[in-house]
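Everything on this sheet refers to the single structure shown next.
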Amino acid sequence: MATAKYEEIYSALRTGIERGEYPFLSFLPSENSLAHDFGISRNTVRKALQYLASQGYVQAMQGRGIQVIFRQHHQTSHFLLTGIESLAEAGRRLGIEVRTRLLESSMMTVDADLAGRSGLPEGASALALTRLRLLDGRPAIMDRNIFLTEVVPQIPTKAAESSVYAYLENRLGVGIVSSCRLATIEPADEEDLQYLDLSGLDCVGVVESFSFDSAGVPFEYTRSRHAPRTFSFISTAQRLPAQR
């Protein structure tokens, strides 16, 4: 699947911001300048800037331009709670080594309990993956991914241990559009204690993700169990209209 031009511009600007080429509270070049530099239309630039704003990198200042509001937090690495990125992509963004071990791959049928928790249709065929994620060599995340087989019929081991999202988008042509997420803290279970580096703690951070494709089909449900030291997320919030 070809990358949209605005996504390329978004990625280039985001990288520049994260590297400090556009410091905190500085202003990006004008839309006209960016359009000229990248050889694209202002509408494409505007879409990239809107995407940056939605991820908390910039804010439009009326009459002044686009101001950088992103600050690097050096004390720990932050995953994105509002943006959809693979762990491999997050690793490149954060400068950490990511390795994945596929522990189990099996077919299953979505039962009533899973349907109620995930939004996947009861009785549907699904592919379940269990993967251990190592960050800078330390076992940090246990992922349990469940995919509808009508959308994702199979995932080869090589793809499961590199980037599932790259396989879905580039090989299967699945458009991953949106994801709802729920973050909680839970007691560690036996599998957590066996596989994760909990540093002596007895709890894990859990992120449930409910993902939709471009046709609006809920095709993936994931529970990610994090060792506490990696349970660090960042998002941007905007003021909601006041209720009266």
Next on the checklist: Could you sort the peptides 127-140, 221-234 by per-residue average Cβ neighbour count (10 Å cutoff), highest mean leading?
Outcome noted: 221-234, 127-140
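Rounded to the nearest 5, what % of DSSP beta bridges with both residues in the chain are antiparallel?
On the way: 52 of 54 bridges.
Of those bridges, close to 95 percent are antiparallel.
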Next on the checklist: If each residue of separation counts as 0.36 nm, what is the full-extension length gain between Arg117 and Leu103 once their alpha-carbon separation is subtracted?
Outcome noted: 2.7 nm
Checklist outcome for this item: Note, Asn43: beta-carbon cut-off 11 Å, +1 each Lys/Arg, -1 each Asp/Glu, net +3
Item to check | Residue (of Tyr165, Ala188, Ile155) at the positive-pole extreme of the chain, dipole from beta-carbon charges | outcome: Tyr165
Checklist entry - What percentages, rounded to whole numbers, describe P(r) for the chain computed over all alpha carbon pairs with 10 Å bin width beginning at zero? => result 7, 27, 32, 23, 10, 1
Item to check | Residue-normalised accessible area of the chain, given per residue in Å² at a 1.4 Å probe | outcome: 55 Å²
Checklist entry - To the nearest Å, what is the center-to-center distance of segment 38-59 and segment 157-171, using C-alpha atoms only? => result 27 Å
Item to check | List Glu208, Glu161, ordered by accessible area with a 1.4 Å probe, largest first | outcome: Glu161, Glu208
Next on the checklist: For the chain, what does the helix formula give at 222 nm: sum of -39500 (n - 2.57) over DSSP H segments with n ≥ 4, over the residue count, nearest 500 deg cm²/dmol?
Outcome noted: -7500 deg cm²/dmol
Checklist entry - Pick from Ser86, Ser54, Ser199: which residue has the top mean-square fluctuation in a GNM of the chain where Cα pairs under 10 Å get a spring? => result Ser199
Next on the checklist: Just to confirm a number: summing +1 for Lys and Arg and -1 for Asp and Glu over residues other than Arg101 whose beta-carbon lies under 11 angstrom from that of Arg101, what do you get?
Outcome noted: 0
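Heavy atoms only, probe 1.4 Å: what % of the accessible area of the chain goes to carbon and sulfur, would you let me know? Walk me through the intermediate numbers first.
Numbers: 6440 of 13350 Å².
C and S atoms contribute 48 percent here.
The values are calculated or read from the model by the stated rules, or taken from the named source; none is laboratory data. Computed from a predicted model, the values in this text were never measured in an experiment. Heads up, the Cβs are rebuilt from the backbone with ideal geometry, glycines too, and the neighbour counts pull from every protein chain shown. Ligands, DNA and RNA are excluded from the accessible area calculation, which covers all protein heavy atoms including side chains. Shrake-Rupley method; radii C 1.70, N 1.55, O 1.52, S 1.80 Å.
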